[in-house]
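The values are calculated or read from the model by the stated rules, or taken from the named source; none is laboratory data. Remember, it's a predicted structure, so these values are computed and weren't measured experimentally. Neighbour counts run over all protein chains shown; Cβ positions are idealised from the backbone, glycine included.
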Amino acid sequence: MNLEKLLADRLAPAFSAVAGAPVDPILRRSQHADYQCDAALSLARRLGRRPRDIAAEVLGRVELADLCSAVAVSGPGFLNLTVADSALGTLLSTAAADTRLGVAPSAATETVVVDYSSPNVAKEMHVGHLRGTVIGDATVRLLEWRGHHVIKANHLGDWGTPFGMLIEHLLDLGESEAADELSVGDLDSFYKAARAKFDADDAFRARARRRVVALQRGDELTLRLWRLLVAESEKYFLTVYDQLGVLLTERDFRGESYYNDRLAPVTDELDRLGLLQESGDAACVFPTGFTGRDGQPLPIIVRKRDGGYGYGATDLAAIRHRTQDLGATRLLYVVGLPQRQHFELVYAVARQAGWLSPPARAEHLGFGSILGSDGRMLRSRTGDSIKLVGLLDEAVTRAAELARQKNPDLSATEVADVARAVGIGAIKYADLSTDRNKDYVFDWQRMLSLDGNTAPYLQYAHARIRSIFRRAGIERFTPAPITVGHPAEHALALELAGFGAVVASVEQTLQFHRLAGYLHTLATTFSGFYEACPVLRAEDAVRDSRLALCDLTARVLRQGLYLLGIATPDRM
RNA sequence: GCGCCCGUAGCUCAGCGGAUAGAGCAGGGGACUUCUAAUCCCAAGGCCGCAGGUUCGAAUCCUGCCGGGCGCACCA
């Protein structure tokens, strides 16, 4: 169901014939027609001809009679295309009969690793983990739907110097008490207590340092305690993921420690390649083209002065593993924007070492911060970071109030289901509906609003369509052929026919706000259609066709929201 | 000092080198014996941070400023 591609595939040869070379027929939606083609304008200079003449010649050659009811040269040389109702009807009838809604899997599927979420063991998940987890989840859903082999990599912070103090604190508390504290999700106070002792108590600090050494040496007792910390934390993270409704499971934890055995080989290989340099008693790689303060070259610290490996080494080992062992060709890192430079360095080193060569490539999917209404990073009144579970609970509570207030007919269980879908959906949608590079302002009022570009609005649009079928007493609907006639039907059909193009585009750019924007436009266009075109009150074939349009709209909304990780209740 | 991100309507944001810069919210006006008004329709609202440049054409590309945020060696 990629109408845009159908049109482009007809225009391209006509343009190529006129230009004598391959031409991209720059096609886009238009206010002046259904689609406009801008290629003649950009071609004018190259061909030394007037753009309107080029457009006219293309118009003479292009074969569009079956797809368009009108094609005309307009303005300085645009080609305005009006899609034929008959073509829309055929296209949508086919899509409606397809479980994939006419969106085929990607032509070139590949193995993709998505590195995201990545909380730290024995540390609370806070709002800072929200965006990474939500964007990563949407990335996984979309790429999987397009048929790629997607490997979820939850790069857990499960190794490093903090574990000395955490293990010593665990010993102070006693194993079972510590496990209790962690399993109920009180990670924050556990970590803070350890930290406080580390900062205040010299003897504790000394113990913690010895413990780190024991851990790195592979001391059995120490490792057992470390595993206890990791296991309890993972258990807790899984409850958060469950509440958030993301696809991450226990199989996706791939902590930093996973790469421990590979750090020495990676370092040796960098050395053999002549990339490793001693600098200030540390073993570093200085990729070309990066400078920091005072114009000094920027290093990736592979091995620290104390002999331990830096996180750069772990990141390099992970890249090598992902491309060489897992056979991945697309490496995605859903990590906050502040770490941009770090990843640029890592990718540069990996390329120089030959672990990241075409077609394999890495991409940092950075994202901005979540801000409070004061325009500063979202924090609690006391200035602490906000616990993610608290935020999610509040979303569900607020949504439950809303559901009870708006629809008193719902049963208690229905309210609970709707509240979860709407509350969690609202948070995710607020995140995914704006450009991920930008910071965004967290605002309960706005994200839970029933109108505007929000999850509740889209969920309502979906539920409203489902209610049409309930009212009609239709349990399982078999789509009838779709016939497009009324202008509002035409507008809706045109939107529906654009779903495939949006999905294909987001597959490349991973700009989920485009998908969100598409769904919002689809929902408002549907509302216009529903306002203008009677459905159940229409007669026979028209009624069946309109029901099919309704059904297809509901399914596209449902699938689109699913790709964003958002649930669509049948009733609201 | 070097680098990255951001600056578009009162607010929150779209805008992929092309026609008169678009939505939503708030504020103004209208439409309920309803196919769920949790909706829809109408009007209003803009030196696209500033200044140059490239181009037939710039919110979009380039350069330089201004403003906000964030990085820049042994934490991840």
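Test each condition in (1) surrounded by 21 or more Cβ atoms within 10 Å (Cβ to Cβ); (2) modelled with pLDDT of 90 or more; (3) within 11 Å of RNA strand B (Cβ to nearest atom) for A:L402 and report the one that comes out false.
Single failed check for A:L402: (2).
Within region A:492-510, can you find the residues that are closer than 26 Å to A:L450 by Cβ and within 10 Å of RNA strand B (Cβ to nearest atom)?
Correct list: A:G498, A:V502.
Has region A:264-276 got at least one residue that is assigned to a strand (DSSP E or B) and more than 10 Å from RNA strand B (Cβ to nearest atom)?
Looking for residues that are assigned to a strand (DSSP E or B) and more than 10 Å from RNA strand B (Cβ to nearest atom), one finds at least one in region A:264-276, hence yes.
Scan region A:412-432 and give yes if some residue there is over 26 Å from A:R514 (Cα atoms), more than 31 Å from the chain's Cα centre (by Cα) and not assigned by TED's automatic domain parsing to the domain that holds A:V335, otherwise no.
Yes, that holds for at least one residue.
List the pairs whose first member sits in region A:327-343 and is more than 21 Å from A:D431 (Cβ to Cβ) and in contact (Cβ under 8 Å) with a residue 60 or more places away in the chain, whose second member is among the polar types (S, T, N, Q) and buried (at least 18 other Cβ atoms within 10 Å of the Cβ), and whose Cβ atoms are under 9 Å apart, counting only residues at least 6 apart or on separate chains?
What qualifies is A:T329/A:T323; A:L331/A:T323.
Name the residue that is nearest to RNA strand B (Cβ to nearest atom), counting only residues in region A:532-543 that are among the hydrophobic types (A, V, I, L, M, F, W, C) and assigned to a helix (DSSP H, G or I).
A:A532
Regarding A:A196, is this residue without any contact (Cβ under 8 Å) to a residue 60 or more places away in the chain, part of a helix (DSSP H, G or I), out of contact with any His (no Cβ under 6 Å at 6 or more places or on another chain) and under 23 Å from A:D306 (Cα atoms)?
Taking the combined requirement at face value, the residue does not satisfy it.
Go through A:T525, A:T553 for me and flag whichever is within 27 Å of the chain's Cα centre (by Cα), surrounded by 23 or more Cβ atoms within 10 Å (Cβ to Cβ) and within 13 Å of RNA strand B (Cβ to nearest atom).
A:T553
For region A:150-170, what are the residues that are part of a strand (DSSP E or B) and hydrophobic (A, V, I, L, M, F, W, C)?
A:V150, A:I151, A:A153
Test each condition in (1) touching a strand residue (DSSP E or B) at 6+ places or on another chain (Cβ under 8 Å); (2) away from RNA strand B (no atom under 14 Å from the Cβ) for A:A14 and report the one that comes out false.
Result: A:A14 passes all but (1).
Pairs under 8 Å by beta carbon, first residue among the β-branched types (V, I, T) in region A:262-291, partner part of a loop (DSSP other than H, G, I, E, B) and surrounded by 15 or more Cβ atoms within 10 Å (Cβ to Cβ), six or more apart or different chains?
The qualifying pairs are A:V285/A:L275; A:V285/A:P299; A:T291/A:L298.
Taking only region A:381-419 into account, find how many residues are part of a loop (DSSP other than H, G, I, E, B) and closer than 30 Å to A:S189 by Cα.
Adding up the residues that qualify gives 6.
Does any residue of region A:357-371 turn out to be touching a residue at least 24 places away in the same chain (Cβ under 8 Å), within 15 Å of RNA strand B (Cβ to nearest atom) and over 19 Å from the mean Cα position of the chain (by Cα)?
Yes, region A:357-371 contains a residue that is touching a residue at least 24 places away in the same chain (Cβ under 8 Å), within 15 Å of RNA strand B (Cβ to nearest atom) and over 19 Å from the mean Cα position of the chain (by Cα).
I'd like to verify a number: residues in region A:285-307 that are surrounded by 16 or more Cβ atoms within 10 Å (Cβ to Cβ), more than 7 Å from RNA strand B (Cβ to nearest atom) and among the β-branched types (V, I, T), how many?
3
Mind counting the residues in region A:65-78 that are of a type in the set (S, T, Y) and within 11 Å of RNA strand B (Cβ to nearest atom)?
Result for region A:65-78: 1.
Go through the residues of region A:305-315 one by one and say whether even a single one is in contact (Cβ under 8 Å) with a residue 40 or more places away in the chain and part of a loop (DSSP other than H, G, I, E, B).
There is at least one residue in region A:305-315 that is in contact (Cβ under 8 Å) with a residue 40 or more places away in the chain and part of a loop (DSSP other than H, G, I, E, B).
For region A:79-99, enumerate the residues that are within 12 Å of RNA strand B (Cβ to nearest atom) and crowded, with 22+ Cβ neighbours inside 10 Å.
Answer for region A:79-99, where residues must be within 12 Å of RNA strand B (Cβ to nearest atom) and crowded, with 22+ Cβ neighbours inside 10 Å: A:L79, A:L81.
Inside region A:44-149, counting only strands (runs of 3 or more DSSP E) that do not spill past its ends, which hold 3 or more residues that are of a type outside the set (A, V, I, L, M) and farther than 18 Å from A:T249 by Cα?
A:68-74, A:78-83
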